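Structure record follows, encoded as C-alpha cells.
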Amino acid sequence: MKVRLFVKNMLFALACLFCFAGTTSAETNTPISRHAKLVPPATPLVACDPYFSIWSPGPKLNAADTTHWTGKPHRLVSLVRIDGKVFRVMGTTSEKTSVLEQTELTITPTQSIYEFAGGGIDLTLTFTTPLLPDDIDTLSRPVTYVTYDVQSNDGEQHQLEIFFSASAELAVNIPKQAIVYAKDDVPGLAVQRIGSEQQPVLATKGDDRRIDWGYLYLAAPQESVTSEAFGKEQSLATEFEQAGKLPASESTDPRPAEGVAAGLVIDCGQVRDEPVRRWLMLAYDDLYSIEFMHNKLRPYWRRNGLDAAGLLKESAANYADLMKRCDEFDAELMHDLEKSGGTEYAQIAALAYRQCFAAGKFVADANGQPLQFSKENHSNGCIATADVFYPMSPQFLLFGPALAKSFLVPYMEYAASDRWKFPFAPHDIGTYPMANGQVYGGGEKTEDNQMPVEECGNVLILVAAVAQVEGHPGFANRYWDRLTTWAEYLKSKGFDPENQLCTDDFAGHLAHNVNLSAKSICGLGAYAKLCEMRGEEQVAEEYRQLARDFAERWMAEADAGDHYRLTFDNPESWSQKYNLVWDRVLGLDLFPESVRRKEMDYYLKVQNQYGLPLDNRSTYTKLDWILWSATLTENQDDFTALVQPVFEFLQETPDKSPMTDWYHTHDAKKVGFTARPVVGGVFMKLLYDDDLWKKWSAFGQTKVGDYAPLPTPPKMTSTVPAADSQAAQWRFTTAEPHSSWTDLEYDDSAWSEGPSGFGTPHTPGAVVGTLWNTNDIWMRRGFDLSEKPAGQLLLYIHNDEDAKVLINGVLAAEISGHSNGYFCFPISEAAAKTLRPTGNVLAVHCHQTHGGQYIDVGLVAVETAGP
C-alpha cells in the first residue's frame, strides 16, 4: 500500500515497528527476530459479551459472512462505491460484486485492522472494542466502533460512499423469531434500532444460544449519513450498488428476522491526498444482563441510570479520545508482551485479549459495585465456573484487584451462603445468564461428579493472588471461614486425590492425579501465605510446613526418572504440570528448580508439531495450559520452544472459528470449545515479572467500594407442579393432531395418557415419567387456579428442544433451543388474561432434532421485591 493508513498516531506506529522488527531484549539479552504475522482462524470484530460477539471466519473479511461466535449467521455487510463502481469489503452479500483487495490484517488487544486497496484508493477498516482495563465503565459498554480511513493512492480525486448493514439476526436466537425496528431520535446521530417482538428478558439460559431480548443499535454521526433504511439485506445492498442510496424503509410491522437488516450510507465526499475518516457504532442494550439468585442485575454501564440513548450519545462524544487511548494501550501492552515473550507470543496474547473479556459480562450489584460473570462458551454454558475463571485469571489479575475480585465476589458470596452445604468449593453458580445455584454434576444435592480438590485449590490460589496484588488480606478476611474449611479439606484429601474430576474433566475421572496434587500443595501454600498476611504466624507455619512436606512426598512418589507421572500409581504415565506456576508467581518456594527443569526437558522431547499434549492419554491439548507450562523454567528458549507450535496451530488449523483452547497436536484440528474466556491464561507470563505486574496493576486501579451481600431469592410457590416436585397426568400424541388441538374445548380423549415429564433417560436435568423419543410431541392437561397467585405467575419449564406453550388456546410462550434444567419464563399478557379459577388448559408442542430430549411444563408464582 502507498500509505499505511492503520497507523493512527506516532506512538502506535513505533510500537508496531518494534513488534515486527528485529531487536534485542535488554532484560533477557535474547534476540527478538522477525516472525510471521499471525493470520488467525477467525478475527474478532464485535467483542463485548457472550451475546454481542461477532467474528469473521478465515483470513479475508470479504470472503465469508460474519458469524456469532457459535457459528450462527450474524451478518455485517459493507460495500464501498468509488467513482460509481461498487466493491465488496465485508461479507458475501452481492457475490457478483467486485472484491476490494485485502492487503493486510493486524490484530491488537482492542482492535482488528483490515487494509484494502483498489479503485485508486487505500482503505483501512478498523473494528475497535475499547476494553480498557483501567476504566470498567468503558470496559462494560456494549459498543464497538467501526472506522473507515480512506485516501487516494494514484494521485487522482475519487468520489466515495460507504454502505454498511447489520442483520436483524443479531437481536434474536433463531432467524424465524419476529422483530420490530425503528429509527430513534438521538441528537447528532442517525440511529436505527432492532429488537425481538416478544422481548423475553432473561427468560432463557444455555450454551448455544443468542440473545433475543434488548435492542441492537446501528448509529453514525448524522452529518455523514446520506440515507438509512430497514429492509431486506440484499435489497439494501442492490439499491446502493445501483443508486448510491437506500430505498425508503419498508413497513415497520413485525416480521421474521431472517433476511432483514438495518442499513446506512455514509458520504466521504471527494478523496485525494488528505486522509478522510468516517465512523459508526454498533451497540446492544440488553436492559438486564444477569439473573443472580433470581434477582435481575443491570449491566454495569447502566448502574447510574444511563439508558441506550445516553450510551450512544456518550460513546459518540468519546470517540476521538477512546481511539487515542486504545492506540496507546495497545502499543504499550504489545511492547511489554513482545519484550516478555517474543513476537509470536505477543500476537497470541493480542488475539486472546478481547475473546477473554467478551466471554463474560460486567454487571452492577445492589451497591453499584462491578461483578463479572464468565460463561463456559461451547462447553456446557455454566456461569461463574471456578475451573474456567482459574485459567482466565492471569488477564484479570494483571490489571489489578478490582478486575480480579469482580469474578470472585459472586462466586464467593454464593459459596459462603447457607445454600452451599459441602466442605469444598462449588464448581459453578448456574447456567448463563442465570446464576441461581450450581448445576454441574450433582448440583447442590449430591457430591457425585463434583470437583472438590480442583475448586478448593483454584480459589485459595486466586484469593492469595488478590492479596498479593493489594498488599493486604482484606478480601480474604470477608470469606475467611470458608477459605479455612477448604484448606482443611485439602489438608485431608488433597495430596493423593480420590477418583474425581479436575478442570480437564473432558478426559474423565482420574484417581491419584499428580498435577491435581500439585494444585492442592500450592493451594495449601497459598493459605499459609494468607495466614501470614493476617498475622497468624503459628497457623501460617503449620500450613507452610505441611505444603513443604507434601512437596517432598510428591517429588518422591511421582518420580518417573526423567519426568513426573500423570498418576502416582502409573510410572509409565506423564502430564503437563501447569499448576506449578503458582509456586513461583506467589513466591511459595515449595518445589526446587530441578523439578521444573526435569519436566521441561521431557516436554521438549514429547511435544508434537502443533503443541505439547495434555498428557499421555491422547494427542489433544489445552492451549492455555501449554502457555502456563511454557513459563515454568523462566527460560526464554524453553518458552519459545513451547509457544511456537501453538502459533503454528493458530496459523494452520482448518477450523475457522474463534480461538479454541482444546485441539489435537498432530493435525491442528479442534476437538471442542470455542471462544472461551480461558485464553486469558496466556497472560501468565507477565505475572512472573514483578515490575510489569506492578505497572499494569497500578494502571488498572479502578476504585471499588463495599460489595453487596448475596441477593435474597424471591419466594417461589408451585401453582401447577412440574415433574421435579410432583408428576401430573397429561394427554399426549406423537402424531400431528388437528389444527384445533390447542382450543380450550378440544376433545383429546383419544390421545394417550402418561405422567410428566416426557423425554429420554440421561437427558441433563430430566425427570422422565413417560418415554418420548420421536421428533415431536403434542400435550394437553387441565388445571385450576382456585386462589389468585401471590406474585407474578410464570411458566416453569424444561424444554429440549423448541417448545410452544398455549394457555386456553392463546400463545403463552415460544422458546427455541434447549435448556439443561427447569427455569421460569414469562407468560404473554394475552394468555395471562384468559386465566380463570377453574377449567384452564395447558397445551404444549415440543420439537426435537438431535441429542437428548425432554419437555415438562408447570406454573409458579414468584414474589419478589426486585424489578
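The values are calculated or read from the model by the stated rules, or taken from the named source; none is laboratory data. Computed from a predicted model, the values in this text were never measured in an experiment. All Cβ positions, glycine included, derive from the backbone under ideal geometry; neighbour counts span all protein chains shown. The area values use the complete protein model at the heavy-atom level, side chains included, leaving out ligands, DNA and RNA. Shrake-Rupley method; radii C 1.70, N 1.55, O 1.52, S 1.80 Å.
State all residues of region 191-210 that are in a loop (DSSP other than H, G, I, E, B) and closer than 15 Å to residue 256 by Cα; if no residue qualifies, say none.
Of everything in region 191-210, those that are in a loop (DSSP other than H, G, I, E, B) and closer than 15 Å to residue 256 by Cα turn out to be 197, 198, 199.
Where in region 763-867 are there strands (runs of 3 or more DSSP E), lying fully within it, with 3 or more residues that are within 30 Å of the chain's Cα centre (by Cα) and touching a residue at least 12 places away in the same chain (Cβ under 8 Å)?
So the answer is 792-800, 802-807, 810-815, 823-826, 854-863.
So, in region 756-792, exactly how many residues are at pLDDT below 95, polar (S, T, N, Q) and open to solvent by less than 40 Å² (accessible area, probe 1.4 Å)?
The qualifying residues number 1.
Residues that are open to solvent by 40 Å² or more (accessible area, probe 1.4 Å): list the strands (runs of 3 or more DSSP E) wholly contained in region 646-746 that include at least 2 such residues. Give the derivation first.
On the way: elements: 662-664, 670-672, 715-720, 729-733.
Once the strands (runs of 3 or more DSSP E) in region 646-746 are filtered for at least 2 residues that are open to solvent by 40 Å² or more (accessible area, probe 1.4 Å), what remains is 670-672, 715-720, 729-733.
So residue 638 fits all but one of (1) under 26 Å from the mean Cα position of the chain (by Cα); (2) in contact (Cβ under 8 Å) with a residue 24 or more places away in the chain; what number is the exception?
Only one criterion is unmet by residue 638, namely (1).
Which residues, counting only those in region 586-603, are open to solvent by less than 40 Å² (accessible area, probe 1.4 Å) and either polar (S, T, N, Q) or outside any helix (DSSP H, G or I) (or both)?
586, 588, 590, 591
Just one of the numbered conditions (1) touching a Lys or Arg at 6+ places or on another chain (Cβ under 6 Å); (2) without any contact (Cβ under 8 Å) to a residue 60 or more places away in the chain is not true of residue 148; which one?
The number of the failed condition is (2).
Which ones in region 378-414 are outside any helix (DSSP H, G or I) and either over 22 Å from residue 296 (Cβ atoms) or among the small types (Gly, Ala, Ser) (or both)?
The answer is 378, 379, 380, 381, 384, 399, 400.
Return the pair list, or none, for Cβ contacts closer than 7 Å from residues in region 422-442 that are over 18 Å from residue 823 (Cα atoms) to residues that are open to solvent by 10 Å² or more (accessible area, probe 1.4 Å) and aromatic (Phe, Trp, Tyr), at least 6 apart or on different chains.
Taking only residues 6 or more apart or on different chains, the pairs are 423/489; 424/489; 427/440.
Restricting attention to region 505-544, which residues are within 29 Å of the chain's Cα centre (by Cα), open to solvent by 10 Å² or more (accessible area, probe 1.4 Å) and among the charged types (D, E, K, R)?
505
Just one of the numbered conditions (1) surrounded by fewer than 24 Cβ atoms within 10 Å (Cβ to Cβ); (2) touching a Gly at 6+ places or on another chain (Cβ under 8 Å); (3) more than 17 Å from residue 616 (Cα to Cα) is not true of residue 489; which one?
Condition (2) is where residue 489 drops out.
Identify, by number, the condition in (1) open to solvent by 30 Å² or more (accessible area, probe 1.4 Å); (2) in contact with a strand residue (DSSP E or B) (Cβ under 7 Å, 6 or more places away or on another chain); (3) hydroxyl-bearing (Ser, Thr, Tyr) that residue 432 doesn't meet.
Looking at each condition in turn, residue 432 falls short on (1).
Looking only at region 228-245, which residues are among the hydrophobic types (A, V, I, L, M, F, W, C) and free of Cβ contacts under 8 Å to residues at least 60 places away in the same chain?
Within region 228-245, 229, 230, 243 qualify.
Can you tell me which residue in region 141-159 is least open to solvent (accessible area, probe 1.4 Å), limited to those that are touching a Leu at 6+ places or on another chain (Cβ under 9 Å) and assigned to a loop (DSSP other than H, G, I, E, B)?
Of all residues in region 141-159, those touching a Leu at 6+ places or on another chain (Cβ under 9 Å) come to 141-151.
So of that shortlist, the ones also assigned to a loop (DSSP other than H, G, I, E, B) come out as 141-142.
Numbers: 141: 21, 142: 1 Å².
Among residues in region 141-159 that are touching a Leu at 6+ places or on another chain (Cβ under 9 Å) and assigned to a loop (DSSP other than H, G, I, E, B), the one least open to solvent (accessible area, probe 1.4 Å) is 142.
Residues 87, 116: which one is out of contact with any helix residue (DSSP H, G or I) (no Cβ under 6 Å at 6 or more places or on another chain) and buried (at least 24 other Cβ atoms within 10 Å of the Cβ)? First the steps, then the outcome.
Values: 87 fails: buried (at least 24 other Cβ atoms within 10 Å of the Cβ).
Matching residue, one of 87, 116: 116.
Got a sec? Which of 337, 264 is crowded, with 17+ Cβ neighbours inside 10 Å, under 23 Å from residue 52 (Cα atoms) and touching a residue at least 40 places away in the same chain (Cβ under 8 Å)?
Result: 264 is the single residue among 337, 264 that is crowded, with 17+ Cβ neighbours inside 10 Å, under 23 Å from residue 52 (Cα atoms) and touching a residue at least 40 places away in the same chain (Cβ under 8 Å).
Can you name every residue in region 393-423 that is among the hydroxyl-bearing types (Ser, Thr, Tyr) and within 20 Å of the chain's Cα centre (by Cα)?
393, 406, 411, listed by residue number.
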